[in-house]
1. On a C-alpha basis, how far is the centre of the range B:153-199 from the centre of the range A:193-248 in Å? Whole number, if you could?
2. If R0 is 56 Å, what FRET efficiency do you get for A:Q32 and A:M296 from their C-beta distance, rounded to 0.05?
3. In what sequence, highest mean first, do A:121-127, A:184-190, A:158-164 appear when ranked by Cβ atoms within 10 angstrom?
4. Over all distinct Cα pairs, what is the inverse of the mean 1/r for chain A, reported as the Kirkwood hydrodynamic radius in Å?
5. Find the relative contact order for the range B:360-444 and round it to a whole percent, using C-alpha pairs within less than 8 Å whose residues are 6+ positions apart.
6. Provide the net charge surrounding A:G174, with neighbours chosen by a C-beta distance below 13 Å and charges set as Lys +1, Arg +1, Asp -1, Glu -1.
7. Among A:H180, B:H334, B:H134, rank each residue by its count of other Cβ atoms within 10 Å, from fewest to most, as a rough exposure measure.
8. With axes computed from alpha carbons, what is the tilt in degrees of helix B:364-374 against the longest principal axis of chain B, rounded to the nearest 10 within 0 to 90?
Amino acid sequence: MFKDIQDVVSKLNDQEYIASEEISTVVYLAQQLGKPVLAEGPAGVGKTELAKVWASASGRPLVRLQCYEGLDESKALYEWEYAKQMLYTQLLRDTLKDVLSGAKTLREASERLSKEDDVFFSEEFLLPRPLLTALTSDEPVVLLIDEIDRADVEFEAFLLEILSDFQVSIPELGTIKAKHQPMVLLTSNNTRELSEALKRRCLFLHVDYPNFEAEMNIVRMKVPDLSEDLAKQAISVVQELRKMNLRKMPSISETLDWARALVTLNAKEIDAETLNNTLNVLLKYEADVQNARRRMG
Amino acid sequence: MDARVIEFVRGLRAAGVRVSLAESREAMQAVQIMGIKNRDMFRETLRATMIKEVASYRVFDELFPLYFSADDPPLQNVYDDLDTDDQNMLRNALQAMSGQLDDLLDWLTSGEGPTKEELERMAEMAGKNYARDHRDAVYVTREMLREMGFDKLQEKMAQLVEKLLEMGMSESAIMKILGVMEANQEMLVENMARQVGRQIAQDRAERPDDLHDSDLMGKAFNSLSAPEKIELRQELGRMVNQLKTRAALRRKRGDRGKFDAKGTIRASQRTGGAPFELKYKRNRQKPSLVLLLDVSGSLRETVDFALRLIYELQGQVSKVRTFAFYRTLSEVTHIMTKIDPKNDDEIYQPVRRAVDGGPYQTDLGACLQTFHDKHLSAVSNRSTVIVVGDGCNSYNDPRGDLLQDLSRRAKKLIWFNTEDPYQIQDDSDMHVYEPHCDAIYPVRNLRQLSAAVDKILID
C-alpha cells in the first residue's frame, strides 16, 4: 500500500520507473478509491511497464491478460478441464458402478448419477484463466488487461461486471466474489474508441511521449553508461523525429534501445555516420528511415 | 468547494464534455482524499475522475482556471512609489488630459481597476450574452478593451510622458510610472479575460442543453444552420458509439448459431472422443455495403451526414464501396479512404467533383445503366445495396428494370429516401423504384438516419 503520492513516486522510482505527477496521482487515487485505471496512449510509452512496476512496488503478484481479436470469456475467465474430468470418470469407473448398481431403470440410474455430478463440476476441475485467477487469488494482485482496444466490443461488455463489482457468475458454481479486490490497469493504444460504460468505470490516464527532461531522466536512469552529453544529443534527435510525419514514432523503449546501441558501439558523438548506421534501431519502417535521413541530412 | 466543483461540472457539460453523475460524485470523493491544498494535484484529481478522453482535455484545461483560480491579483498603485512632488505632478498631468480615457488612465495609475459590476455591464455591452461558449471570451474581451479605449492607450501614454517631461519630472520617475502602468495594463487584460470567460461559461451552463431540447436531431438536414451542423457533427460521434455498442450486444445476445459438427468432433479429441463440449457456428457475417449516393445540391447535407455515419461505422461492416451519381455515376471509394470523417470539414465537395460533367440534370436511369455496365461486379448476394436519394429524375427514363436486376443480385436493396412526404416533386420516380426495394427508410434528419443505419446493422 502506498502512504501518499510521494510514496508512490519514490516506490516507483525504486523500480526504475519515473512517474509523472499525473501518473502518481492516478495510481494513488486508484488505490484509495478501489477503481480500475484505464491508461491510454501511443505504443511504447510505458503503460504496460506501469502495471509491472505497480505490482512490484506494492509487493503484489502481477496477473496479465493480453487481449486480441476473438478473445472470449472461456480464454479470459475459466474453462472446465475436460481431460481431467474424463480421466477421473475412467479411474472412478468401479465406484460409479457401485453407485449405479441396483438401479432398475435407465431413469433411476441417470437420477443417481445426476446427484453426483457436482463432483465433476467443482472447483477441482475448473481451469482458471487470468481473470478468475485475479479474483480468487489468496493475496491481492495487480491485474493487467493489456491492449483492451484489440478485444471485441462483446468482450468489453463482459468485463463491465468484473470491473464494477469484482465478481463473476459461473452457471455451475454460482457467483464468485473476489477474495481481495485486485488493482486493475487496462491499457489501450486507442486503435478504436472504447465504450462509455467502460470508461465510466475507470480512472483515466493519458500517457504520452515524455518531454525532453523526462526522457533525459529515463535514459540516465536506465542506461547510466551513456554520457550526459551524448544522452542530450540522442534525445534531441528522438524529440525531433517525433515532430516528423512518420508511420511509427520512436517510443521510449526504442530510445532506450538506441541509447544502449550507442554505448555498445562506443559512440562519442552523434554524427551523420553514427545516425545513419543506427537509425533503424529507432525507426521500424524503411520509408520512415528514408524520410528521416532526407530531413536530417 | 463542493458547490464550485458542481458548477465546474455544469460548465464542462455545457461545453460538450460528458460527465456522468457517478463521475462527479467520484470526483468529490477523490477531492476529499487528495485535499485541495496543492492546486496541481487537485487539477489532476478532477481530470482523472471526470475526463475520459484526450479530446476533452482541451476544454478541461480551458475551463479549470476559470473556476479554480486564486482571486484575481490586484493592480498596483503608481503613487505608492513616487515622492510627493512627483505624485502631484502626475495628478496635475492627468487632470490636464481630459477625455474618454480618464477612467482607463485612472484605473491604470490608481491600481483600483473597474468594479465587478462595471465589468459585467461592459461585458454585456460587448455582446457577452451572444457568446456561444467560453472560447468567445477572447472576442468579448477584445471588444471591451476597444470600448475602454485601449487602442488609443499608447498614444495617450505618450502624451502623458510629454506632459510630465514638460512639468520637469525626472526620467527615472517617468520610467517607474510607465513600468507600473504597463504591468497594470497586462494584469487588467488577464483579469478581464478570466472573469468574462467564467461569466460566459456560467451563463452557458444556466441555459438548458440546446441540442436535446430544441430537437436538433429531428430537424431536417437542409434546414440546419452552420453552428447547428457543427453541433450535430459532435453528436454524431456519440451516436456512432451507441450504435456500435448496440450492434455488439445484439451479436453477443443473439442466436448462438447452427450446430457445428466438425468443431464438436475436433473438440471431443481432447476428451477421448466423448463430445463434452458442443460447438456452434456463429453467424458473424458483417454486412457488406454498396452505397449509391445522389449528390445533387439539394442533398448536400444528407450525403455529408450519411457518409460520416457510415464511414465511422466501418468496423461494423465488412466492406463499403461508394458510388456517387448526379448527372453521371462514378466510384468514390478511393476518395473516401483519404477522408477523415472526424476531422475533415468538407466531405461533400470532393465526392461531388467526381461526377462533374454530363447533362445538367439528374439522370438516374442513365446512372443505373453506367453502374450496370461498369460496376455490377461490386454487387454480390452478400451485399446490401443502399441508395440515398429522393428519386427525382428530371423526367428521364427511370429504368426500373435495372434497379430490379440490382435488387435480384443483392442480398437486400434498401432506399434511404430524402424526399419530403408533403412536397413530392413532379419528376419523382419513387413509385417506379419502390416495388423493387426490400425496404424504404426516410432519412430527412439525423434521428431517422441513425435509425435506418441501425436497422442495416441488424442484418
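Since every read-out is calculated from the coordinates, none of them should be taken as a lab result. Everything numeric in this text was worked out from a predicted model, so none of it was measured. When we count neighbours, we look across all protein chains shown, and the Cβ atoms used for this are built from the backbone with ideal geometry, even at glycine.
1. So the two Cα centres are separated by 44 Å.
2. For A:Q32 and A:M296, the calculated efficiency is 0.75.
3. Sorting A:121-127, A:184-190, A:158-164 by mean packing, highest first, produces A:184-190, A:158-164, A:121-127.
4. Details: mean 1/r = 0.0444 Å⁻¹.
So the Kirkwood estimate lands at 22.5 Å.
5. Values: 137 pairs, mean separation 28.9, N = 85.
Relative contact order comes out at 34 percent.
6. Net of charged neighbours comes to -2.
7. On the way: A:H180 15, B:H334 9, B:H134 23.
Listed from fewest to most nearby Cβ atoms, that is B:H334, A:H180, B:H134.
8. Taking the Cα atoms of chain B, the angle to B:364-374 is about 70 degrees.
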